[in-house]
Amino acid sequence: MTAVSDRKTPLALKLLGVAGLAAAGGATGFVMARFVDLAALPWTDALAVGLSTMLLAAAVVSAGIMASRPRSTPVGCGLLQIAILALAGLMLLAPIYGPNWFSPDMVFWGVVVLLIAQSVANLMLWRQADEMLQRVMSETSAMAFWALQLALFLYAAAERLGLIEGLTAWGMVGILMGVYLVASVIAAGRRGIK
């Protein structure tokens, strides 16, 4: 068990971090607005592209933060977290844009390879994580499960009654990823992980 430092982060460093995150958010928004016409995509694809962009931007920002740390700072689980974010972003983009360059079969098997790699990285992250990170991961899963269970029940009842149209599996995956992303931010925030 490692001792936790009592030193406070200087205000200037906190403000620099907030400014960096704001710049990354602005850059992400610019790229989305400039290069992706979300209005031309079905809402399921627009959701996937938006989530993918956020995940890839988070991976890039995390890599930048990691690279700017002093060499004496332990890497911890940072590389695995970056890999997981990047792989999730690529898995969401591949079915949308992959068929522009490759056959659907090749794209599907590429997604399978990415999914296996991400699953292995997730298992490695769980095994290497300290107790607090494991707690955050567990709380994220629990929050996402309960939120999705309630939403799925209400959706299924409304669909059965003919009040709404059915969703595609792709739309459900986008919703699942969005809920999971929000749950992870809430769980990390509750534990003080920035």
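The values are calculated or read from the model by the stated rules, or taken from the named source; none is laboratory data. Bear in mind the structure is a predicted one, so any value in this text is a computation, not a measurement. FYI the Cβ positions are ideal-geometry reconstructions off the backbone, even for glycines, and counts take in every protein chain you see.
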Across segment 95-112, the tally of residues that are farther than 23 Å from residue 171 by Cβ and surrounded by fewer than 12 Cβ atoms within 10 Å (Cβ to Cβ) stands at 2
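So, residue 125, is that one touching a Leu at 6+ places or on another chain (Cβ under 7 Å), farther than 19 Å from residue 43 by Cα, among the hydrophobic types (A, V, I, L, M, F, W, C) and assigned by TED's automatic domain parsing to the domain that holds residue 80 or not?
Against the criterion (touching a Leu at 6+ places or on another chain (Cβ under 7 Å), farther than 19 Å from residue 43 by Cα, among the hydrophobic types (A, V, I, L, M, F, W, C) and assigned by TED's automatic domain parsing to the domain that holds residue 80), residue 125 qualifies.
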Picking from 133, 150, the residue that is free of Cβ contacts under 8 Å to residues at least 60 places away in the same chain and among the aliphatic types (A, V, I, L, M) would be 150
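Quick check, is residue 97 closer than 29 Å to residue 22 by Cα, in a helix (DSSP H, G or I), aromatic (Phe, Trp, Tyr) and not assigned by TED's automatic domain parsing to the domain that holds residue 85?
Details: closer than 29 Å to residue 22 by Cα: yes; in a helix (DSSP H, G or I): yes; aromatic (Phe, Trp, Tyr): yes; not assigned by TED's automatic domain parsing to the domain that holds residue 85: no.
So residue 97 does not fit the description; no.
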Pairing a residue in segment 156-174 that is free of Cβ contacts under 8 Å to residues at least 24 places away in the same chain and not assigned by TED's automatic domain parsing to the domain that holds residue 50 with any residue that is β-branched (Val, Ile, Thr) and in a loop (DSSP other than H, G, I, E, B), where Cβ atoms lie under 9 Å and the two sit 6 or more apart in sequence or on different chains, gives 158/164
Of the residues in segment 97-109, those that are under 24 Å from residue 40 (Cβ atoms) and of a type outside the set (Phe, Trp, Tyr) come to 98, 99, 100, 103, 104, 107
>> Given the condition at pLDDT 90 or above, in a helix (DSSP H, G or I) and within 15 Å of residue 51 (Cβ to Cβ), answer yes or no: does some residue in segment 115-129 qualify?
In response: yes
